[in-house]
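Engineer: Supplied in structure tokens, the structure appears directly below.
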Amino acid sequence: MKKVGIFYHPSFSRKSYMTIGNRLRDFPEALEELLTRPNVQMFTSPRASEELILKVHAPEMLRMVARDPFCSTAYESVGGVVAGMEALAKGEIDRAFCFIGAGGHHAGYRQFWGACCFNDVVIAITRVREISSWRRFAIYDTDAHHGDGTRQLVDGDPEVLHVCFCGANYASADGTKVDVDVYRLAWAADANRQYVDAVRHQLPRVAQFRPDLLIWYYGFDTHLEDYGSLGLTEEAYFQICDLMIATAEECGIPLQVVLGGGSLPHLALATIPEIIRRLVEH
Ligand SMILES: [Zn+2]
Ligand SMILES: [Zn+2]
């Protein structure tokens, strides 16, 4: 049975950034049943330190984030992703689901946009490389938008595989930075199947790359009702979740799910507990 850690802070439900309104209003209550399982533990996301954040971002980012009311949960958002990755690296848990109040993948060295503030995943990777032997990381980003901040920060890092499902096709010469155009299949009659196939098609890269950790950046803004709609429904996310679990298992590595975009409370409620249930049971 896999040990699953959930990283959450009450501020994510109360004052999450405006573009996603109160999308997490039903949490943590919606996790009640899952939290009775013996292999599930919930942790309160701690604040990340400025010292750690400054290993990834320019000093003026601290002032820029402090001025932005959308970023009121920025430090806890990063802190939960860092704590989750640390617990995975120490072997304390096998899988993690990290809630956030402010996003990460549009945060670059000196700029952020799109409801992101600090780059949670890159900061966590920086930390885990300091405290463990982990060096190699695979990031699969199925948020609706291009993970421009993450790409900027890991671009020169051959030990990070960054596969992003967005609006263009691209592959770096060394094959570690990949974009897959999924916008072309938006609103196709079988958009779910085509999108999931596009993800499946990219997953053999993980075994070839031999990372220490697989990170799934999960946004549900691709849902047919949400702001980055590609016409997907809930079922697509569950199938992607199963693919991520199977890939991590095949490679013998842990899996960390980091929440990205998506604005609608009923979609958060319909998808997040089910994704965690799969992490717990499969
Ligand atoms: Zn997005
Ligand atoms: Zn992209």
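What follows is calculated from the coordinates using simple rules that are stated; it is not laboratory data. Since we're looking at a predicted model, the values are computed, not measured. Note that each Cβ is placed from the backbone with ideal geometry, even for glycine, and that neighbours are counted across all protein chains shown.
Engineer: Kindly state, to the nearest 0.05, the FRET efficiency for residue 200 paired with residue 109, given R0 = 35 Å and r defined as their beta-carbon distance.
Structural biologist: After rounding to 0.05, the efficiency reads 0.60.
Engineer: At 222 nm, what helix-only mean residue ellipticity would the chain give, in deg cm²/dmol to the nearest 500, using -39500 (n - 2.57) for each DSSP H run of four or more?
Structural biologist: -11000 deg cm²/dmol
Engineer: Under unit Cβ charges (Lys, Arg +1; Asp, Glu -1), what dipole magnitude, rounded to 20 debye, does the chain have relative to its Cα centre?
Structural biologist: 520 debye
Engineer: Let me ask something else. For q = 0.08 Å⁻¹, what log10 I(q)/I(0) does the chain give under the Debye formula with an equal point scatterer on each alpha carbon and no solvent?
Structural biologist: Relative scattering, expressed as log10 I(q)/I(0), comes to -0.28.
Engineer: A further question follows. Need one number: nm distance between label points at residue 250 and residue 235, each 7 Å from Cα along Cα→Cβ, rounded to one decimal.
Structural biologist: About 2.3 nm, to one decimal.
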